[in-house]
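One structure is given here, and the rest of the page talks about it.
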Amino acid sequence: MNVSQPEAITTLMHEHRVIEQVLDAFERCTSQLASNGEVTRATIRGFAAFFRNFVDRCHHGKEEDRLFALMVELGFPRDHGPIAVMLDEHELGREHTRVLSAIGEGEGPLTDEERKKVGSHAGAFIPLLRAHIRKEDEILYPMAMQALSPDRLVTLARDFDAFEANVMGAGEHERYHALADELIAAWSPEAKPVGSCCHHAAAAR
């Protein structure tokens, strides 16, 4: 961990690196889909499960319930400015994920209409999430590090642990991190798994 960067922010940024690799894998998957290559419904289900649980419930959940809430307490506006933009983009991502999840939970081979829907939603979702990550890394997180005291940032790291234990459930973060490694390996063979996001994950194995 960068000694100048608080643990809580390091955790969020490391999660971003995992998400980016899965987005790369998803882009390769949808490119194959667009060229009429074979992509199973189970594959779409796996990507949707990662986006729904790791990206939204775990990563965005920590941001919304912990980091953003703390920033609002300190005077950052919730209804306009950077936090409002991030919240709007979280909701846009959820709309795409809901469609992908519904397709993944269907039965039988993907229909032509479903293949088109996956391509359409992936084509909007992937650049949305990549740009969203850049905004957080380059704008929102630096703002948070300037505004939050060192003690608050230490407490925030503990709050993230509590969120994962109490909201996600024991072992859920690690479960979806393992799913990320599987998707990366399957669709980005040159990429290497990026390792644990959280300081407590290694101890949980």
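If the condition is being within 30 Å of T40 (Cβ to Cβ) and either at pLDDT below 95 or among the charged types (D, E, K, R) (or both), then the stretch 112-137 contributes D112, E113, E114, R115, K116, K117, R130. Residue check: is L100 surrounded by fewer than 19 Cβ atoms within 10 Å (Cβ to Cβ) and more than 23 Å from P150 (Cα to Cα)? For L100, the condition - surrounded by fewer than 19 Cβ atoms within 10 Å (Cβ to Cβ) and more than 23 Å from P150 (Cα to Cα) - is not met. From the list G106, G75, G46, which residue is over 14 Å from A122 (Cβ atoms) and in contact with an Asp or Glu (Cβ under 8 Å, 6 or more places away or on another chain)? Just a single option satisfies the conditions, and that option is G106. Any residue at all in the stretch 130-147 that's buried (at least 20 other Cβ atoms within 10 Å of the Cβ) and among the basic types (K, R)? No, that holds for no residue. Apart from one condition, E64 fits all of (1) without any contact (Cβ under 8 Å) to a residue 12 or more places away in the chain; (2) of a type in the set (D, E); (3) under 22 Å from H173 (Cβ atoms); the exception is (1). Listed here are the helices (runs of 4 or more DSSP H) enclosed by the stretch 20-127 that have at least 2 residues being more than 28 Å from E7 (Cα to Cα): 41-49, 82-104. Restricting the stretch 82-116 to residues that are among the β-branched types (V, I, T) and within 17 Å of the chain's Cα centre (by Cα), the residue that is nearest to H132 (Cα to Cα) is V85. When L140 is evaluated against the numbered criteria (1) of a type in the set (A, V, I, L, M); (2) outside any helix (DSSP H, G or I); (3) farther than 30 Å from A42 by Cβ, which criterion, by number, is the only one it fails? That leaves (2) as the condition not met. Considered as a group, the residues in the stretch 148-186 that are touching a Phe, Trp or Tyr at 6+ places or on another chain (Cβ under 7 Å) and among the hydrophobic types (A, V, I, L, M, F, W, C) include one that is surrounded by the fewest Cβ atoms within 10 Å (Cβ to Cβ), and that residue is L179. Selection over the stretch 1-19 of residues that are part of a helix (DSSP H, G or I) and either on the phi > 0 side of the Ramachandran plot or hydrophobic (A, V, I, L, M, F, W, C) (or both) gives a count of 6. Restricting attention to the stretch 44-54, does a residue exist that is in contact with a helix residue (DSSP H, G or I) (Cβ under 7 Å, 6 or more places away or on another chain), free of Cβ contacts under 8 Å to residues at least 12 places away in the same chain and either of a type in the set (F, W, Y) or on the phi < 0 side of the Ramachandran plot (or both)? No, the conditions are met nowhere in the stretch 44-54.
The values are calculated or read from the model by the stated rules, or taken from the named source; none is laboratory data. As the structure is a prediction and not an experimental result, all values here were calculated from the model. Because the Cβ atoms are built from the backbone with ideal geometry, glycine has one as well, and the counts that use them run over all protein chains shown.
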